[in-house]
Every structure is written in C-alpha cells, then in structure tokens.
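I have placed the structure first, in the form of structure tokens, so that the comments after it can refer back to it.
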Amino acid sequence: MYYEPGRTPHNLPHDPFKSCVIPRPIGWISTIDEAGRHNLAPFSQFQNVTFDPPIVLFCANQRTTGKRKDSVTNAEATGEFVWNMATYALREAVNLTAQEVPPDVDEFEIAGLTKAPSRIVRPARVAESPIHFECRYLQTVRLPGNGVMGPANVVFGQVIAIHIADDAFRSDGCIDVLKLRPIARLGYYDYTSIESIFSMRIPGSEAMNAGLEGSSEKAAAILGRRAPV
Ligand SMILES: Cc1cc2nc3c(=O)[nH]c(=O)nc-3n(C[C@H](O)[C@H](O)[C@H](O)COP(=O)(O)O)c2cc1C
C-alpha cells in the first residue's frame, strides 16, 4: 500500500505511522514549575541525539486543550529536567503519569512513586527507576502542526549528571539491560520490553567502534582531540 500523510487516506482501521519507527524509548520526564510543584510524564518521542557532551530530546505535542504541555513549560521556565528509565516493573506507573492533569496535581502521587532528590538540578528523580539523567535545558525547536495536538515542541537538554543503580550492572561492568527490562513504545496501544540482545562491531575501524560505544575517552585516545574542519 501507499499513502501520503495528510494528503491521501491510508484506508486502514488504524493509522500505521507510529507502528513503523519502533521501538521508541520512553523519556519519563520529571520537572518542577516555578512554584516548585512536581510534574512527571512519559514521552516516546524521545531520544539521545549525541554523546560528547551527551544530549537528549523529548518532543511534546500540544494538550487536547491546545495548550503547551507542563513538561515543556517547566523545562523552559526552570532550565532543568530529569529523565528516568521506564522499566517493565514500572509500566503501570508510567501509564498513570500520562494523564492530562492540571499543573497543581503531582503525578508522583497519582502513581504512588517516591521522589529522590537530584544532586545538581531541582526536579526530583523517580526513586523506583534504576537510571536517571539530570539535564540542563538547552533549547526548544517549535514545529508547526495540524489541528489541536499537531504543533510540537522539541526540547533539548544536556545530560550533566547520570545515576545508575549499583545493582543494575553485570559482572563485566555493562548495564544489565535484560535485568532492567526497559520498556519502549510500538504503534497502536502496544509496548515492548527488551528481552534479547545481539552484538555487532563495525568492521575495520576502532575509532568508529568508539563512536558506536559512545566512549569519548576511547575516541580521543585513538583520534586525539581535534577541532572540527
Ligand atoms: C508511553 C507514553 C508515551 C507518550 N509519548 C508522548 C510523546 O512523545 N509526546 C507527547 O506529546 N505526549 C506523549 N504522551 C502523552 C503525555 O504523557 C501526556 O500528554 C501527559 O499528560 C503530558 O504531561 P505534562 O502536561 O505534565 O507534560 C505519551 C503517553 C504515554 C503513556
């Protein structure tokens, strides 16, 4: 089949678009507003975009009321947000924190989650989550869109502190992903969790593999620190 989004119909019972770019990791984003009130919400339009320095983004569409989502407003107002890993064990809590509630409602309380203080930024971390990034807000890219929910705010933040639970590692020092079972969004109402892994290296270049690993130290040891050309 073939269709042009927004121009020609797909003629399917459900829109297939979100089921094509999968799985999408979940940015479970905690923020505070200027009054210090806590906010927590999941965003599957989430990704790391580079690693040296590490930068992540989450993309929020507008609320069903046409207003900007609290996570965006708060990150812009305070300059900070925290990413919390969403795991299979936390799936119901993740879902509960997606409810569209007013800014004075604390989604940590809705989902029965515990706040852990961050070290550098003010938004709390989800204590039950095994991995957290403390992020400093960088910028928002505003994308026009259709209808009430279509307009989108893509929020970029630099990861300035990383917390990983001590028991989240394998004996070889790598994160035990199969133990943590991070969840990710598929299309429709579907999710997946990581239950199998395979490994591959790029042939021929250890520098390329340092990039694949995301290791600034190994890349610098191989290439040195060079200014961009
Ligand atoms: C798993 C999951 C992923 C979601 N991903 C997004 C997303 O990428 N962008 C978005 O605008 N809303 C997304 N939502 C909906 C938001 O979580 C929801 O609108 C939430 O109320 C936003 O909260 P806020 O206004 O406190 O920021 C998602 C919901 C779920 C359950």
Short version: ³J(HN,Hα) in whole Hz for each residue of the stretch 120-125, in order, from phi by Karplus 6.51 cos²θ - 1.76 cosθ + 1.60 (θ = phi - 60°), x for Gly and Pro, what are they?
10, 9, 8, x, 6, 9
At 222 nm, what helix-only mean residue ellipticity would the chain give, in deg cm²/dmol to the nearest 500, using -39500 (n - 2.57) for each DSSP H run of four or more?
-4000 deg cm²/dmol
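Quote to one decimal, in nm, the extra length available between Glu195 and Ala161 on full extension: 0.36 nm per residue of separation minus the C-alpha distance between them.
Values: separation 34, 0.36 × 34 = 12.24 nm, distance 2.74 nm.
Full-extension gain reported as 9.5 nm.
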Please state the shape class of the stretch 1-87: rounded when a/c is under 1.5, otherwise prolate if a/b exceeds b/c and oblate if not, all from the C-alpha gyration tensor.
prolate
Model label zone, Ala98; criterion: amide N under 11 Å from point 7 Å along Cα-to-beta-carbon; scope the stretch 42-76
42-45
Mean accessible area per residue over the chain (1.4 angstrom probe, all protein chains present, square angstrom) is 60
Cα-based Rg / Dmax (Å) for the stretch 24-167:
14.0, 46
Between Thr8 and Glu76, what is the label-to-label distance in nm when each label sits 7 Å out along the Cα-to-Cβ direction?
3.7
At a 1.4 Å probe radius, carbon and sulfur cover how many percent of the accessible area of the chain?
55
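How big, in percent, is the set of alpha carbon pairs in the stretch 83-223 lying more than 19 Å apart?
More than 19 Å apart: 69 percent of the Cα pairs in the stretch 83-223.
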How big is the gap, in Å, between the Cα center of the stretch 43-68 and the Cα center of the stretch 104-179?
11
Work out Dmax and Rg for the stretch 37-121 from the C-alpha atoms and quote the Rg first, both in angstrom.
13.3, 38
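Which net charge results when you count Lys and Arg as +1 and Asp and Glu as -1 among the other residues whose beta-carbon is under 10 Å from that of Asn153?
That sum, taken over residues with Cβ under 10 Å, equals +2.
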Please list, ordered by chain and number, the residues whose modelled amide H lies under 5 Å from the amide H of Ser44; skip anything fewer than 5 residues away on the same chain.
Gly27
In terms of the charge dipole of the stretch 65-217, which places +1 on Lys and Arg and -1 on Asp and Glu at the beta carbon, the residue among Asn146, Ile175, Ala111 farthest towards the positive end is Asn146
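Please identify the trypsin sites (Lys or Arg not before Pro) of the stretch 82-177 that satisfy two criteria: DSSP loop assignment and at most 16 other Cβ atoms within 10 Å. Which are they?
Those satisfying the criteria are Arg119, Arg170.
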Among Thr65, Pro102, Asn11, which residue has its Cα positioned farthest towards the positive end of the charge dipole of the stretch 1-118, with +1 placed on the Cβ of Lys and Arg, -1 on the Cβ of Asp and Glu, and the dipole taken about the Cα centre?
Asn11
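So if the hydrodynamic radius of the stretch 161-220 is defined as the Kirkwood radius over C-alpha pairs, what does Stokes-Einstein give as its diffusion coefficient at 25 °C and 0.890 mPa s, in µm² per second?
173
The values are calculated or read from the model by the stated rules, or taken from the named source; none is laboratory data. On a predicted model such as this, the values are computed, not experimentally measured, just so you know. Note that we place each Cβ from the backbone using ideal geometry, even for glycine, and neighbour counts take in every protein chain shown. Accessible surface is based on the protein model in full, side chains and every heavy atom, while ligands, DNA and RNA are left aside. Shrake-Rupley method; radii C 1.70, N 1.55, O 1.52, S 1.80 Å.
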